1. Return GLU38, GLU6 ranked ascending by Cβ neighbour count within 10 Å, so the fewest neighbours appear first.
2. Going by how many other beta carbons lie within 10 Å of each one, how would you line up ASP61, ASP77, fewest first?
3. For GLU26, which sequence-distant residues (separation of 5 or more, or a different chain) have an amide H within less than 5 Å of its own amide H, given hydrogens modelled in the peptide plane?
Amino acid sequence: MWNEKECGRCHISPLVAHIMSWFTEETICMGCSAKEDEIKRKMKEHGLNPNDYEGCGFIPDENFFVKENLALEALKDRKDKAKTTKEIINMINRSIEVSSNEHIMRK
Ligand SMILES: [Zn+2]
């Protein structure tokens, strides 16, 4: 049963339409849900599967995508080539530089 009077996230009140958040247990408005759809689309762009983050309890942001993607890549690489930790850290630092440069260029 639904008895919330306002959006759990942006606190628009009263709610005309509502939906469960994908990432948290909040009941949110359609506007916030559309924002979550956008987040899910961006996750896919970063090679992450939104289904793996259903109910994760927080709203992933760009920073999270980058870190999570690098962590997954590092794990994959580690299995393939058994890289040293130092190499992985260097790789992550390089990728962060590249992605922040791309971010600036897009603006
Ligand atoms: Zn809302």
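1. On the way: GLU38 10, GLU6 15.
Going from least to most buried by this count: GLU38, GLU6.
2. Values: ASP61 10, ASP77 14.
Fewest-to-most Cβ neighbours within 10 Å comes out as ASP61, ASP77.
3. SER21
Each value in this text was obtained by applying a stated rule to the coordinates, not by laboratory testing. Only a predicted model underlies this, so the values are computations on that prediction, with no experimental measurement involved. Every residue, glycine among them, receives a Cβ derived from its backbone with ideal geometry; neighbour counts consider all protein chains shown.
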